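Reading through the structure tokens given below for one structure.
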């Protein structure tokens, strides 16, 4: 499919709290390192290219960027790259969503998740790195069995009341945790792993979010089981067949499928490659037919068997 003239507006819009965003956004995780290097502590990505990709994304209409202070490599920080590329001042319509909870030490090793009293420090770290006086959206990233979820979310709700945070979201949560959070403060988005063949048991949860006016923001929608390592070399024949029918890539089919799960579903594909950026944005204009969706549904449901 032709990609040069397609912008993020082709994906439609969603109002995230009180902020209108195009449904194709951008995930910054891959800006600092590529693929498996994210887990293995591999070499840092190219700084100039990363900054160019961020600026090009905004030129293409992307106005929703996902980041985190723990997205860093030995030489690169996603937040610092975003600040350098887009700050001074940031575009008025740009929404930056970050997440707190997990922590890495200076060497990059993962440590324990922050307790409630430590979350303010993580919020302030994001503020410093991004050069902002408030954060548009802060997602509390958790483990499903975290016993102190309510206490931690309440700590972020207090920071929202203090004006450091505009809107709150939750990440990697169960429906029960979402309900627990909403009893404390408004929730504008849920950010969970989801995609074709990935967690089909969340289908009802995705629909429920839409019914409640909450955005569902899947991560690894392209990479699927490849997670940090990216999409694998192999792809299902069904996805390939749909891609051939539309003159699209399998990654574009996966993004289009994600967007067609509901008007409240937002995509945040990440890349450090300018060509992949164009393809990802163009996926917002790819409309899958009922036959396409039926074929892909078989792949999706098979994961539950």
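Some values worked out for this structure:
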quantity	calculated
Count of segment 9-37 residues which are in a helix (DSSP H, G or I), at pLDDT below 95 and either within 17 Å of residue 86 (Cβ to Cβ) or within 16 Å of the chain's Cα centre (by Cα) (or both)	3
Of the criteria (1) assigned to a loop (DSSP other than H, G, I, E, B); (2) in contact with a helix residue (DSSP H, G or I) (Cβ under 8 Å, 6 or more places away or on another chain); (3) closer than 18 Å to residue 165 by Cβ, which one residue 98 fails	(1)
Residue satisfying all of: in segment 48-59; in contact (Cβ under 8 Å) with a residue 60 or more places away in the chain and in contact with a strand residue (DSSP E or B) (Cβ under 9 Å, 6 or more places away or on another chain); surrounded by the fewest Cβ atoms within 10 Å (Cβ to Cβ) among these	53
Extreme residue, nearest to the chain's Cα centre (by Cα), among residues of segment 127-145 that are under 30 Å from residue 76 (Cα atoms) and in a loop (DSSP other than H, G, I, E, B)	142
Boolean, residue 207 is under 23 Å from residue 20 (Cβ atoms) and not in a strand (DSSP E or B)	yes
Residue 168 vs. criteria in a strand (DSSP E or B), touching a residue at least 12 places away in the same chain (Cβ under 8 Å), within 17 Å of residue 97 (Cα to Cα) and in contact with a strand residue (DSSP E or B) (Cβ under 9 Å, 6 or more places away or on another chain)	yes
Residues of segment 275-301 that turn out to be in a helix (DSSP H, G or I) and surrounded by 13 or more Cβ atoms within 10 Å (Cβ to Cβ), as a count	17
Which numbered condition residue 81 misses (of (1) surrounded by 19 or more Cβ atoms within 10 Å (Cβ to Cβ); (2) out of contact with any strand residue (DSSP E or B) (no Cβ under 9 Å at 6 or more places or on another chain); (3) at pLDDT below 95)	(3)
Residue list for segment 210-229, filter: assigned to a helix (DSSP H, G or I), at pLDDT 95 or above and closer than 21 Å to residue 283 by Cβ	210
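The values are calculated or read from the model by the stated rules, or taken from the named source; none is laboratory data. Everything quoted here is computed from the prediction, not taken from an experiment. Positions of Cβ are backbone-derived with ideal geometry, glycine not excepted, and every protein chain shown enters the neighbour counts.
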